[in-house]
Ligand SMILES: [Zn+2]
């Protein structure tokens with residue numbers, strides 16, 4: 001880590017000289033270099049993974065369980081549904097610090113997951129969506145105090161608007177070791193379009209945001225955060241076409257090698273969900289190893305409402321299947337069945353879904369450690385319902 005810090009300082013020094021002399025061409029290469037720095041962990045982990053013993057990949061446990069958290073505003077009580085107070089945010093960081101958690105960027109976490117390499121025990125990721133100014137003013141200084149990295153997702157259209165960070169602040173955050181990726185240009189409700197329009201609109205939006213990223217930050221983003229956590233299979237395919245490594249949603253959960261890389265979960269941290277008790281519980285949660293069997297993993301609810309969720313349990317030995325529980329938007333008004341022979345979990349709400357977005361959650365207790373629980377969730381979307 002020290003070597004990386006020195007490297008960063010040298011880059012900062014070079015940037016200062018370059019800025020004074022106004023050689024924009026050299027500044028551009030600085031940005032490219034900085035982006036290479038962001039990519040270092042992916043490359044290193046790839047090389048490292050080549051020397052891994054094969055049996056580690058096959059062991060009957062998850063290789064990684066990395067809880068990811070999503071925050072929006074910090075210390076801005078005018079917007080309670082997207083805010084955590086400075087005290088709550090610091091309590092989370094203090095807990096991670098006092099209990100020796102290893103906080104990494106989402107890129108670093110993905111590198112572990114994608115290369116089948118085991119992350120250190122107690123690894124977690126903190127992410128921030130939307131790029132609000134309150135994060136810069138209240139959140140970033142606390143992260144710096146504890147020396148924790150974070151991954152920020154921005155809407156390029158909003159940068160510099162009232163209440164949002166500007167490019168100067170974002171560049172400063174990158175120099176302080178914070179990683180920034182894409183949350184679209186427009187933060188649109190893409191799934192509201194008919195399929196043909198969606199494809200055009202989403203491609204145009206990505207192209208626009210990439211042009212701006214390249215111009216203002218010097219690189220093209222590689223991780224996408226779906227606006228409102230909403231997507232459909234077409235959007236996933238377009239992201240892959242554009243070279244994205246992964247995409248995150250807004251459904252709660254822990255990432256592991258079993259996760260869908262283009263619908264990675266994050267525990268939302270706001271209101272009652274951000275209490276220290278809930279945070280402690282989530283930070284020690286594991287990922288229920290499962291594969292979604294619903295067609296194309298499509299979260300759009302069509303004719304079947306309530307929709308039925310079918311997942312295959314990948315490591316049934318880990319989970320006490322008698323303990324399986326289901327929740328619909330936090331309520332237990334649902335049914336869950338386990339087909340032992342097919343290792344299949346089927347879950348369905350008891351009544352029709354009435355909101356635009358509804359979360360199905362499945363939890364199960366460990367067979368070996370009674371306090372340990374495993375978590376899996378899926379966010380359904382009904383585009384015809386307006387917010
Ligand atoms: Zn957002």
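Remarks
- Distance from the range 205-267 to the range 84-113 (C-alpha centre basis), Å: 21 Å
- For the range 58-286, the calculated P(r) over all alpha carbon pairs, in 5 Å bins from 0 to the bin holding the longest distance, is 1, 7, 15, 19, 20, 17, 12, 6, 2, 0, 0 percent.
- Alpha carbon centroid spacing (whole Å) that separates the range 300-322 from the range 150-183: 37 Å
Bear in mind these aren't lab numbers, they're just calculated from the coordinates by the rules spelled out. From a predicted model like this one, the values you see are computed outputs, not experimental measurements.
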